[in-house]
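All remarks here apply to the structure that follows.
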Ligand code: SF4
């Protein structure tokens, strides 16, 4: 059994995911917990938020995020890739900074104008 706390809402249900029973989930109060528990064990993902360098902006760094959650095992590699990215101002919010990062089908987008 894998124990997890559901992050779907502030209630924080304590979930148990049974690896030996088709990853069935117990301890949830709603379907969100079932989906969270299964995904967290089988295919954990996170939205990546970080910064890239920017030239000619009012700051030296531009905040960016992934357009969708990335597989958790790609987060470090994606962060390393973005460390070497330099964009030029002007940039608009939601502008694609890196398309299809690491062939995930997910873009890295700006989270503010600069
Ligand atoms: S299982 Fe449902 S009620 Fe419980 S924490 Fe998750 S989202 Fe909230």
- Item | Hits in region 1-22 - residues which are within 14 Å of the ligand (Cβ to nearest atom), at pLDDT below 95 and touching a strand residue (DSSP E or B) at 6+ places or on another chain (Cβ under 6 Å) | none
- Just wondering, is there one or more residues in region 57-73 that are modelled with pLDDT under 95 and more than 16 Å from the chain's Cα centre (by Cα)? yes
- Would you be able to tell me the number of residues in region 1-44 that are within 30 Å of residue 77 (Cβ to Cβ) and touching a helix residue (DSSP H, G or I) at 6+ places or on another chain (Cβ under 6 Å)? 9
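Have a look at 76, 97, 106 and point out the one that is touching a strand residue (DSSP E or B) at 6+ places or on another chain (Cβ under 6 Å) and not in a loop (DSSP other than H, G, I, E, B). I'd like the intermediate steps shown before the answer.
On the way: 76 fails: touching a strand residue (DSSP E or B) at 6+ places or on another chain (Cβ under 6 Å); 106 fails: not in a loop (DSSP other than H, G, I, E, B).
Answer to the selection: 97.
From the list 25, 87, 91, 52, which residue is surrounded by 18 or more Cβ atoms within 10 Å (Cβ to Cβ), within 12 Å of the ligand (Cβ to nearest atom) and not in a helix (DSSP H, G or I)? Write out each step before concluding.
Numbers: 87 fails: within 12 Å of the ligand (Cβ to nearest atom); 91 fails: within 12 Å of the ligand (Cβ to nearest atom); 52 fails: within 12 Å of the ligand (Cβ to nearest atom).
None of the other options fit; the residue is 25.
In region 28-49, what residues are within 14 Å of the ligand (Cβ to nearest atom) and outside any helix (DSSP H, G or I)? I'd like the intermediate steps shown before the answer.
Kept after step one, since they are within 14 Å of the ligand (Cβ to nearest atom), are these residues of region 28-49: 28-40.
Across region 28-49, the qualifying residues are 28, 29, 30.
The values are calculated or read from the model by the stated rules, or taken from the named source; none is laboratory data. None of these values were measured; they are calculated from a predicted model. Here Cβ is always computed from backbone atoms with ideal geometry, including for glycine, and neighbour counts include all displayed protein chains.
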